[in-house]
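Just so you know, all these numbers are worked out from the coordinates, no wet-lab data involved. Bear in mind the structure is a predicted one, so any value in this text is a computation, not a measurement.
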Amino acid sequence: MLRDSIKVLKSRPQLYQAKLGVYLFIASLGVFFFASLIVYAVIRTSLSIDLLPLEMPNSFLTSTLVLLGVSLFMHLAVQSIKSEKQKRFRAFLVLTSICVLGFLFLQCFGLFELLQTHFEHQAGFSKLYGISFTLALVHAAHVFGGAVFLVYVWTQSLRGRYDHERHWTVDICATYWHFLDVIWILMLCTFWMTENLIQNGTFL
């Protein structure tokens with residue numbers, strides 16, 4: 001996508017700068033989440049093995065499939081607008097919106113369950129649940145931001161602002177959701193891998 005942006009550098013410098021700014025923003029978020037996951041892994045592995053393992057809510061696993069649906073439908077939406085298939089484009093935006101609402105709904109249950117567990121435990125393990133809850137909450141906040149972005153794209157599509165030549169906003173929106181998808185999967189994998197490594201005695 002940056003390659004396409006470079007092509008319009010001379011004719012549309014403001015567009016290039018806007019796209020570059022968004023990509024830098026996404027990159028900075030990636031660094032933040034990656035560093036946070038490292039901190040979680042370090043703190044978790046420094047705790048006693050006698051502590052109860054972190055149990056992920058079932059809704060977190062279900063919401064992962066829903067989030068994958070968001071990425072898939074956004075990808076199909078981009079392909080549709082590039083082919084000037086406006087009806088298909090809007091249909092995929094509708095499906096994306098449904099999946100986003102489903103993800104937020106499932107996340108509410110997961111966060112509530114994780115928060116309950118956090119307050120039920122004491123001392124070091126309480127801190128562990130606090131970190132995992134905070135990471136999930138921060139991700140959910142960025143998902144909400146992505147939902148707002150999606151509403152903007154949907155509104156602009158109804159005004160006929162997108163076609164096979166003008167669709168960079170849709171591209172950015174799709175990239176952002178792909179990013180959230182990857183971060184969420186990495187987050188769950190970090191939670192799961194640290195627990196399994198600890199239970200197997202790798203960090204002893």
If the chain between L20 and F32 were fully extended at 0.36 nm per residue, the gain over the current Cα-Cα distance would be 2.5 nm
Mind listing the phi-derived Karplus ³J(HN,Hα) values for the stretch 157-166, rounded to whole Hz, using 6.51, -1.76 and 1.60 with θ = phi - 60°, and x for any glycine or proline? 5, 5, 8, x, 7, 10, 8, 5, 9, 10
Using θ = phi - 60° and Karplus 6.51 cos²θ - 1.76 cosθ + 1.60, couplings along the stretch 174-187 (whole Hz; Gly, Pro as x): 5, 4, 4, 5, 4, 4, 4, 4, 4, 4, 4, 5, 4, 5
